[in-house]
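Novice: Would you mind keeping the following structure in view while I ask a few things?
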Amino acid sequence: MAVRTIDVREKVMARNDELAADVRRRLAEHGVACLNLVSAPGSGKTLLLERTLERLGHELTFAVVTGDVQTQNDADRLARHTDRLVQAVVTNGACHLDARQVMTALEAVDLASTDLVFVENVGNLVCPASWDLGETAKVVVFSVTEGEDKPLKYPKMFQKARYAVLNKVDLLPHVPFDRELAVRHARAINPDLEFFFTSALTGEGLDAWCDFVRACARRTPV
Ligand SMILES: Nc1nc2c(ncn2[C@@H]2O[C@H](COP(=O)(O)OP(=O)(O)OP(=O)(O)O)[C@@H](O)[C@H]2O)c(=O)[nH]1
Ligand SMILES: [Mg+2]
């Protein structure tokens, strides 16, 4: 008997792409950029966003959508740094956010008074690569404790991302990690990938990251 799984999946993906186009149109109407942070679990997405809200919250208005398989811990952490609503999407087992969830979350956001939308995707280096959320760009975060070979092992994520944040650089003296090799691997997959080197813990590299976020909020091409 024929198996029709691929057929169904294609329909689901096609519907997602339509909804992602709707999200993109809505954001464009208001001139709002959207950065979709993707990474393995624990690379530092939430801490990076906490620091970003702390540093830029007084000059820019952010909306944040967080996705987690379970709990709204990240949304609670981020809500401490902003008086704006932080939207928590609990996916109940799904390994990624989809465009419908982002669209629903954005319905509660006043985009007219928003400078930039951050999406923190579910921690997973595989599934979120395949799902367009209508974002301006995917930002892949990976950390020095994960090994230099991650871009080679999870190439789709690095192909789909326009920006990469190598986080936890404060740990470089303590772990065997060759930063240049990691960058070489990532650029072998995606030569256009732009890098930031950060420690969300100590603040190293956050000036450059924040300049980038400011430029995105102003829709200045970077
Ligand atoms: N040393 C060090 N620790 C960090 C840094 N960034 C994050 N951490 C720590 O790494 C752990 C995970 O950080 P999170 O910000 O929760 O990571 P995440 O990517 O949001 O995790 P998930 O949402 O679960 O995928 C926490 O204990 C952070 O304090 C960093 O730059 N340096
Ligand atoms: Mg998180």
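The values are calculated or read from the model by the stated rules, or taken from the named source; none is laboratory data. Note that the coordinates shown come from a computational prediction; the quantities given were computed from them, not determined experimentally. FYI the Cβ positions are ideal-geometry reconstructions off the backbone, even for glycines, and counts take in every protein chain you see. Just so you know, the surface numbers come from the protein's heavy atoms only, side chains and all, with ligands and any DNA or RNA stripped out. Shrake-Rupley method; radii C 1.70, N 1.55, O 1.52, S 1.80 Å.
Novice: Is it true that some residue in region 92-100 is basic (Lys, Arg), within 16 Å of ligand 2 (Cβ to nearest atom) and either surrounded by fewer than 22 Cβ atoms within 10 Å (Cβ to Cβ) or under 21 Å from residue 209 (Cα atoms) (or both)?
Specialist: no
Novice: Please determine, by comparing only the residues of region 23-63 that are within 16 Å of ligand 1 (Cβ to nearest atom) and small (Gly, Ala, Ser), which one is most open to solvent (accessible area, probe 1.4 Å).
Specialist: Top of the filtered list is 42.
Novice: Same structure, new question: Give 75, 129, 105 a once-over and let me know the one that is at pLDDT 95 or above, open to solvent by less than 40 Å² (accessible area, probe 1.4 Å), within 14 Å of ligand 1 (Cβ to nearest atom) and in a helix (DSSP H, G or I). Reasoning before the result, please.
Specialist: Details: 129 fails: within 14 Å of ligand 1 (Cβ to nearest atom); 105 fails: within 14 Å of ligand 1 (Cβ to nearest atom).
Selected residue: 75, the only one of 75, 129, 105 that is at pLDDT 95 or above, open to solvent by less than 40 Å² (accessible area, probe 1.4 Å), within 14 Å of ligand 1 (Cβ to nearest atom) and in a helix (DSSP H, G or I).
Novice: Across region 160-171, what is the total count of residues that are surrounded by 16 or more Cβ atoms within 10 Å (Cβ to Cβ) and either out of contact with any Leu (no Cβ under 8 Å at 6 or more places or on another chain) or in a loop (DSSP other than H, G, I, E, B) (or both)? Give the derivation first.
Specialist: Start the filter on region 160-171 by keeping residues that are surrounded by 16 or more Cβ atoms within 10 Å (Cβ to Cβ), which leaves 160-170.
Checking the rest, the ones that are also either out of contact with any Leu (no Cβ under 8 Å at 6 or more places or on another chain) or in a loop (DSSP other than H, G, I, E, B) (or both) come to 160-162, 166, 168-169.
Qualifying residue count for the region: 6.
Novice: What number of residues within region 198-214 satisfy the criterion of being in contact (Cβ under 8 Å) with a residue 40 or more places away in the chain, buried (at least 18 other Cβ atoms within 10 Å of the Cβ) and among the small types (Gly, Ala, Ser)?
Specialist: Within region 198-214, residues that are in contact (Cβ under 8 Å) with a residue 40 or more places away in the chain, buried (at least 18 other Cβ atoms within 10 Å of the Cβ) and among the small types (Gly, Ala, Ser) number 1.
Novice: Something else about it: Could you say which residue among 177, 195, 142 is over 26 Å from residue 25 (Cβ atoms), part of a strand (DSSP E or B) and either open to solvent by 10 Å² or more (accessible area, probe 1.4 Å) or of a type in the set (Lys, Arg) (or both)?
Specialist: 195
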